[in-house]
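Participant: I have a structure here, written as structure tokens, and I will follow up with some questions on it.
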Amino acid sequence: GCMRRCREGWRLGPVFAREPRAAEKILKHLACKTAGEPAMLELPEPNQEAVRLAFRLGMFPAGVRRRFYKGGPPAFPLEQIYGYTTLDIG
């Protein structure tokens, strides 16, 4: 797991884990370092375990982003991705 400061609060991600309990530990550890400031996480919607985990941690959807691929999406292990590296790092 990784996090970085942004204009308002923190961006969490990327977050990779082989199992949901490990992802939860990682996200809780990152969240405790935000000192109560806002935190944002972008996750792959097909990973419903990641979505449920975000809700359990008190997060809520605040917008929609979609990724588009030409020729089909790459083969990612979505079940192990709990937070994307966001496209707006800069």
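Participant: Right, R52: of a type in the set (D, E, K, R) and in contact with a helix residue (DSSP H, G or I) (Cβ under 9 Å, 6 or more places away or on another chain) or not?
Facilitator: yes
Participant: For the range 1-28, name all the residues that are open to solvent by 90 Å² or more (accessible area, probe 1.4 Å) and not acidic (D, E).
Facilitator: Matches in the range 1-28: R5, R7, F16, R18, R21, K25, K28.
For (1) open to solvent by 90 Å² or more (accessible area, probe 1.4 Å); (2) under 14 Å from P14 (Cα atoms); (3) assigned to a loop (DSSP other than H, G, I, E, B); (4) modelled with pLDDT under 90, each residue gets a yes or a no:
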| site | (1), (2), (3), (4) |
| --- | --- |
| P44 | no, yes, yes, yes |
| R52 | yes, no, no, no |
| G63 | no, no, yes, yes |
| A75 | yes, no, yes, yes |
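Participant: Return the only residue of G58, G63, G83, G72 being within 16 Å of K25 (Cα to Cα) and more than 12 Å from the chain's Cα centre (by Cα).
Facilitator: One residue alone meets the criteria, G58.
Participant: Which pairs turn up if I take residues in the range 56-74 that are touching a residue at least 60 places away in the same chain (Cβ under 8 Å) and look for partners that are assigned to a loop (DSSP other than H, G, I, E, B) with beta carbon separation below 8 Å, at least 6 apart in sequence or on another chain?
Facilitator: As it stands, the answer is none, since no pair meets every condition given.
Residues are listed down the side, and each one gets a yes or a no for (1) among the β-branched types (V, I, T); (2) at positive phi; (3) more than 11 Å from the chain's Cα centre (by Cα):
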site: R7; (1), (2), (3): no, no, yes
site: V15; (1), (2), (3): yes, no, no
site: L27; (1), (2), (3): no, no, no
site: A35; (1), (2), (3): no, yes, yes
site: A39; (1), (2), (3): no, no, no
site: P44; (1), (2), (3): no, no, no
site: A50; (1), (2), (3): no, no, no
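Participant: Let me ask something additional. Going through the range 8-42 one residue at a time, which ones are assigned to a helix (DSSP H, G or I) and either under 21 Å from P73 (Cβ atoms) or of a type outside the set (D, E) (or both)?
Facilitator: Matches in the range 8-42: P20, R21, A22, A23, K25, I26, L27, K28, H29, L30, A31, C32.
Participant: Report the residue count in the range 77-88 for those that are at pLDDT 90 or above and hydrophobic (A, V, I, L, M, F, W, C).
Facilitator: The qualifying residues number 1.
Participant: Cβ-Cβ below 9 Å, separation at least six or inter-chain, first residue in the range 13-29 and of a type in the set (A, V, I, L, M), second loosely packed, with under 12 Cβ neighbours inside 10 Å and not in a loop (DSSP other than H, G, I, E, B): which pairs?
Facilitator: Matching pairs, first to second residue: none at all.
The values are calculated or read from the model by the stated rules, or taken from the named source; none is laboratory data. The structure presented is a predicted model; accordingly, all values stated were derived computationally and were not measured. As a convention, Cβ positions derive from the backbone with ideal geometry for all residues, glycine included, and neighbour counts pool all protein chains shown. Ligands, DNA and RNA are excluded from the accessible area calculation, which covers all protein heavy atoms including side chains. Shrake-Rupley method; radii C 1.70, N 1.55, O 1.52, S 1.80 Å.
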